[in-house]
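*Asks:* Sharing a structure with you now.
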Amino acid sequence: MQEKYDLIVIGSGPGGYVAAIKAAKLGMKTAVIESREIGGTCLNRGCIPTKTLMHSSHLYSMAKDLDDFGITYSELSYNLNAIQDRKDEIVARIRKGIEGLLEANNVTIYGGKATIIEEHKIICEHSQGKELLETRNILIATGSKPVIPKIPGVNLENVITSDELLSQRDRLYQKLIIIGGGVIGIEMATFYREMGSEVTIIEAMDRILPNMDKEISQSLSMNLKKKGIQIHTKARVVGISEAENGTLLCEYEEKDRIKSTSAEGILLAIGRKANTEGLFADDFSLIMDGVSIKVNDKFQTSVESIYAIGDVIKGKQLAHAASAQGIAAVEHMHNRKTSVCLEVIPSCIYTRPEVAVVGMTQEEAKLQGFHIKIGKYPMLGNSKTLLSAGDRGFIKVVCDQETDRILGAQLLCERATDIIGEFATAMANGLTYQNLAKVVRPHPTFEEAITEAVEDIEGMAIHLMPKRGSWR
Ligand code: NAD
């Protein structure tokens with residue numbers, strides 16, 4: 001007999017599986033269709049494997065400086081296979097956890113490829129053949145895939161995307177060129193450099209992380225250069241070819257001149273695009289927004305019982321954004337008010353020190369017509385940063401002059417990715433900088449710098465020298 005569901009979710013990444021569990025908890029008969037591994041890109045080819053590898057590389061590069069901490073050792077080396085084994089074990093453990101949660105919540109998992117044939121009908125193609133599934137609602141959470149630029153030579157061996165780079169076991173490129181200075185480019189550059197490789201980033205815009213706060217991007221750029229990463233900005237790759245010694249030659253245009261550099265591997269990290277391949281039958285379609293699926297503010301597509309969330313729609317391509325959208329979409333199907341604040345989505349980069357931002361930068365706030373107040377605290381005045389030999393960095397907070405509400409925060413510091421939650425909490429609840437200043441934070445912690453940054457708005461930060469010319 002044909003199964004009939006309240007909701008079928010296509011894709012089991014952080015958007016899809018979270019939405020499925022939420023739906024099941026709300027009493028909906030739910031199924032998930034996944035053509036690859038449960039957990040999607042984030043768990044299997046994205047956030048979790050990258051950060052696990054980077055945890056190893058951070059430790060390896062820190063170990064090189066153990067002398068500074070009074071610790072000596074005789075020999076330091078790494079075993080790439082063991083590093084990859086650890087990463088695979090962690091991914092497998094989390095995947096098992098997600099599968100367990102789906103099962104415990106009575107979500108049916110179909111391992112196969114879904115094609116939407118009609119508003120309420122999906123064909124799931126799996127190893128045993130094709131199965132027709134009927135459902136009241138569909139949620140598309142099929143994610144994204146790397147953009148491959150139209151550059152001569154991109155199909156050559158060792159010109160790869162992050163998907164392949166993350167699973168390399170046989171060798172670590174000793175010389176790597178990264179095309180694209182966005183989040184993936186910066187994180188992979190950090191991993192390779194920390195493991196001892198030579199790394200060159202080629203970025204088309206005038207700075208790396210062009211969409212981020214200028215000061216963060218400039219400070220991070222300085223920091224990466226100090227660590228030995230070469231960065232070329234306003235540079236466009238024009239071609240890749242095989243060099244005589246078995247390496248790859250990358251030609252790029254910089255300041256109206258054609259230059260070249262060679263490496264064993266070239267990583268393509270110029271962005272990701274919506275994954276809708278094979279998703280619709282020939283006689284079925286949804287209104288698109290370029291290559292992404294067009295949705296309204298409730299995540300409904302042009303067919304109102306079909307929703308889409310995450311990387312497959314336009315917006316921030318972030319795991320936690322997809323999860324929040326999944327929750328909101330399911331709540332809408334269930335006629336509930338949205339319980340999550342979709343306007344406040346932090347972004348994080350797991351470099352050392354880490355980068356974390358939320359809300360508006362000062363430039364963005366001004367462009368939107370706000371009169372703003374800024375508070376900033378350099379982390380070199382923070383005891384925890386000093387005792388743990390943290391790098392230079394800062395916490396910056398942007399507030400609305402009229403209401404004193406927090407409009408945004410930019411952090412470049414140790415544990416920034418954990419600390420940013422304080423600002424996200426403040427923004428999601430409309431708090432002012434005085435509300436944040438009220439909190440007594442433990443000492444010594446990185447978080448104490450939040451107190452200093454918000455106190456700096458009125459020039460009252462205790463651990464900051466008075467500004468020159470100030471009466472204080
Ligand atoms: P991105 O959009 O962050 O960066 C791509 C960069 O490539 C941009 O700076 C762009 O100017 C540059 N570029 C584009 N074409 C180029 C060319 N021909 N030559 C040189 N440079 C070029 O994309 P990404 O780094 O591939 O990441 C994809 C998505 O995944 C992003 O949305 C990112 O936020 C997300 N992601 C997030 C995390 C995280 O949250 N820590 C980690 C990895 C990826």
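*Asks:* For the range 158-196, give me each residue that is within 16 Å of Leu80 (Cα to Cα), hydrophobic (A, V, I, L, M, F, W, C) and not in a helix (DSSP H, G or I).
*Replies:* Those that are within 16 Å of Leu80 (Cα to Cα), hydrophobic (A, V, I, L, M, F, W, C) and not in a helix (DSSP H, G or I): Leu166, Leu172, Met195.
*Asks:* Go over the candidates Ala189, Ala243, Ala235 one by one and state the one that is free of Cβ contacts under 8 Å to residues at least 40 places away in the same chain, within 11 Å of the ligand (Cβ to nearest atom) and aliphatic (A, V, I, L, M).
*Replies:* Ala235
*Asks:* What are the pairs, 6+ residues apart or on separate chains, where a residue within the range 142-163 that is closer than 17 Å to Arg45 by Cα and among the β-branched types (Val, Ile, Thr) has its Cβ under 6 Å from a residue that is more than 11 Å from the ligand (Cβ to nearest atom) and part of a loop (DSSP other than H, G, I, E, B)?
*Replies:* Thr142/Gly11; Thr142/Asn275
*Asks:* Something else about it: Tell me, which strands (runs of 3 or more DSSP E) wholly within the range 254-313 include 3 or more residues that are polar (S, T, N, Q) and either at pLDDT 95 or above or within 16 Å of the ligand (Cβ to nearest atom) (or both)?
*Replies:* Answer list for the range 254-313: 257-263.
*Asks:* Looking at Ser127, is it surrounded by fewer than 17 Cβ atoms within 10 Å (Cβ to Cβ) and more than 31 Å from the chain's Cα centre (by Cα)?
*Replies:* In short, yes.
*Asks:* Let me ask you something else. Report, by residue number, each residue of the range 422-447 that is touching a residue at least 12 places away in the same chain (Cβ under 8 Å) and in a helix (DSSP H, G or I).
*Replies:* Glu422, Phe423, Ala424, Ala426, Met427, Ala428, Tyr433, Gln434, Leu436, Ala437
*Asks:* Now a separate question. Pull up the range 433-446, narrow it to residues that are under 15 Å from Gly375 (Cα atoms) and out of contact with any Cys (no Cβ under 9 Å at 6 or more places or on another chain), then point me to the one that is surrounded by the fewest Cβ atoms within 10 Å (Cβ to Cβ).
*Replies:* Ranking the qualifying residues of the range 433-446, first place goes to Gln434.
*Asks:* Do you know which residues across the range 447-460 are of a type in the set (Gly, Ala, Ser) and buried (at least 19 other Cβ atoms within 10 Å of the Cβ)?
*Replies:* The answer is Ala449, Ala453.
*Asks:* Quick one: which helices (runs of 4 or more DSSP H) lie wholly within the range 318-404 and hold at least 1 residues that are closer than 30 Å to Thr30 by Cα, of a type in the set (S, T, N, Q) and assigned by TED's automatic domain parsing to the domain that holds Ile306?
*Replies:* 319-333
*Asks:* Separate question: Name the pairs whose Cβ atoms lie under 7 Å apart, with the first residue in the range 196-213 and at pLDDT below 95, the second more than 7 Å from the ligand (Cβ to nearest atom) and not aromatic (Phe, Trp, Tyr), and 6 or more positions between them or separate chains?
*Replies:* Correct list of pairs: Met212/Val357; Asp213/Val357; Asp213/Thr361; Asp213/Gln410.
*Asks:* Would you confirm, using the coordinates I've provided, whether Ser12 is among the polar types (S, T, N, Q), at pLDDT 95 or above and assigned to a helix (DSSP H, G or I)?
*Replies:* So Ser12 does not fit the description; no.
*Asks:* Considering every residue within the range 326-342, establish whether at least one is at negative phi and within 16 Å of the ligand (Cβ to nearest atom).
*Replies:* no
*Asks:* Would you check which residues across the range 40-69 are surrounded by 20 or more Cβ atoms within 10 Å (Cβ to Cβ) and among the basic types (Lys, Arg) and list them?
*Replies:* Within the range 40-69, Arg45 is the sole residue that qualifies.
The values are calculated or read from the model by the stated rules, or taken from the named source; none is laboratory data. The structure presented is a predicted model; accordingly, all values stated were derived computationally and were not measured. No Cβ is skipped: glycine too gets one built from the backbone with ideal geometry, and neighbour counts run over all protein chains shown.
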